[in-house]
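**Q** Structure in structure tokens, see below.
What follows draws every value from the coordinates through simple rules; no lab data is involved. Everything numeric here is computed off the predicted structure, so don't read it as measured data. FYI the Cβ positions are ideal-geometry reconstructions off the backbone, even for glycines, and counts take in every protein chain you see.
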Amino acid sequence: MKILCSYCNTESGLYFRSLDYNRKITQEVFKHYRCPQCGLIFIAPIPKNLGDYYPQSYYAVSDSTKILEEGEVHERYKIEIIQRYARKGRLLEIGPSQGCFAYFAKKSGFETEAIEMDARCSEFLNKVAGIPTVNSSDTCGALKSLKPFDVIALWHVIEHLPNPLELLEIISEKLNPGGILILAAPNPDAFQFHILGRFWPHVDAPRHLMLIPEQILVSKMASLGMKVELITTTDEGGLRWNIFGWEYFFANLSASSEINRKLRTIGRMVGKLLSPIEKIEGKGSAYTMVFRKES
């Protein structure tokens, strides 16, 4: 059976096979293909039971806003990036999990809403965090039902979606003229990926369905009338994801929690040693991109 790229419809060959190395929920083998034309890396077939790979432990849900207040220090850089391009207005976060960023965006003066597939997180956001949230696994359908926004944010969400290109089309329609889309995702051109291959923690099969090259997003958004404002792999979040990758690669080598902690320490040391390479623009483990809808 021919496997076709969902972006450019080119026949794609098997790139590698992987397991759920990060969470070890299943022993299933997942096939990853790489398009020779556009470079998209994707799982095929997409598992029909995707929800089974997101256990309750995947989401840190509390009964108070304390966890959100504590997470503010990690979210500040995101707001600072957004505020270069938009100071106020309606902001939507897609896939907020427990909502640290959405909560800080609200505190920063944005009229904030969210779309979240996990029911527990959605209830927490609606009832505790005070952020209107649509609970749905149909992201495209949920977005169509909402009013336009000035900012739409996807922080490491697009790689989880079976239909990211369709969602980008709807996002372009749901942004006000001059509005911005900000997204972050794993970078398939990363130094780490070239070294670690299928064992790279950011492969995260089967939750990460795709690894999307920057140029695909640039081309797609240009076709939708949205211009690039920023592409970087060296923002604060990108640098953290570099360390995360090395930590979890080594930690995944053992199932023992005691050994695991020691291996994570080794991973942090390796990450610091290799940081001069990963701080080269384009070599980092994750990119952050900002697009503006033309007026």
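**Q** Mind sorting Leu143, Leu165 by how few other Cβ atoms lie within 10 Å of their own Cβ, fewest first?
**A** Details: Leu143 20, Leu165 16.
Exposure proxy ranking, most exposed first: Leu165, Leu143.
**Q** Can you flag which of Lys24/Lys283; Lys127/Lys174; Lys88/Lys293; Lys66/Lys88 are past 19 Å Cα-Cα? Let's see the in-between values first.
**A** On the way: Lys24/Lys283 28 Å; Lys127/Lys174 26 Å; Lys88/Lys293 16 Å; Lys66/Lys88 25 Å.
Cα-Cα > 19 Å for Lys24/Lys283; Lys127/Lys174; Lys66/Lys88; rest within.
**Q** So for the chain, averaging the separation of alpha carbon pairs under 8 Å that are six or more residues apart and normalising by length, what relative contact order in percent results?
**A** Numbers: 564 pairs, mean separation 51.7, N = 295.
With pairs under 8 Å counted, the relative contact order is 18 percent.
**Q** Which of the GluC sites (Glu not before Pro) found in segment 25-123 are in a DSSP loop and have at most 13 neighbouring Cβ atoms, other than their own, within 10 Å?
**A** Details: sites: Glu28, Glu69, Glu70, Glu72, Glu75, Glu80, Glu93, Glu111, Glu113, Glu116, Glu123; in loops: Glu28.
Here the GluC sites (Glu not before Pro) that fit, given the DSSP loop and packing criteria, are Glu28.
**Q** Let me ask you something else. I need Lys174, Lys147 ordered by Cβ neighbour count within 10 Å, fewest first. Numbers along the way, then the final one.
**A** On the way: Lys174 18, Lys147 9.
The most exposed by this proxy come first: Lys147, Lys174.
**Q** Let me ask something additional. Along Cα→Cβ, 7 Å out, is where each label goes; now give me the distance between the ones at Cys140 and Glu80 in nm to one decimal.
**A** The answer from the label model is 3.7 nm.
**Q** Turning to a different aspect of this structure: Please find the FRET efficiency linking Ala222 to Leu253, where r is the Cβ-Cβ separation and R0 is fixed at 45 Å, and quote it to the nearest 0.05.
**A** Numbers: r = 42 Å, r/R0 = 0.93.
Calculated transfer efficiency: 0.60.
**Q** Another question, if that's okay. Looking at segment 218-295, which GluC sites (Glu not before Pro) are DSSP coil and have at most 15 other C-beta atoms within 10 Å of their C-beta? Intermediate results must be reported in sequence, preceding the final value.
**A** Details: sites: Glu229, Glu236, Glu247, Glu258, Glu278, Glu281, Glu294; in loops: Glu281, Glu294.
Loop-located and lightly packed - Glu281, Glu294.
**Q** For Val270, Val290, what's the fewest-to-most ordering of other Cβ within 10 Å of each Cβ?
**A** Numbers: Val270 16, Val290 22.
Fewest to most other Cβ atoms nearby, the residues stand as Val270, Val290.
**Q** Could I ask something else about it? Compute the convex hull volume of the Cα atoms of the chain, divide it by the residue count, and report the result per residue in Å³ as a whole number.
**A** Given the Cα convex hull of the chain, per-residue volume reads 130 Å³.
**Q** Let me ask something additional. Express the relative contact order of segment 160-295 as a whole percentage, based on alpha carbon pairs under 8 Å and six or more residues apart in sequence. Present the calculation step by step, with values, prior to reporting the outcome.
**A** Working: 206 pairs, mean separation 56.9, N = 136.
The value is 42 percent.
**Q** With an 8 Å Cα cut-off and a minimum separation of 6 or more residues, compute the relative contact order for segment 217-270 in percent.
**A** Over segment 217-270, the number comes to 28 percent.
**Q** Only bridges with both residues in the chain count here: give the DSSP antiparallel percent, nearest 5.
**A** Working: 24 of 41 bridges.
DSSP beta bridges in the chain are roughly 60 percent antiparallel.
**Q** Could you tell me the distance between the Cα centroids of segment 155-189 and segment 25-102, to the nearest Å?
**A** Computed from Cα coordinates, the inter-centre distance equals 12 Å.
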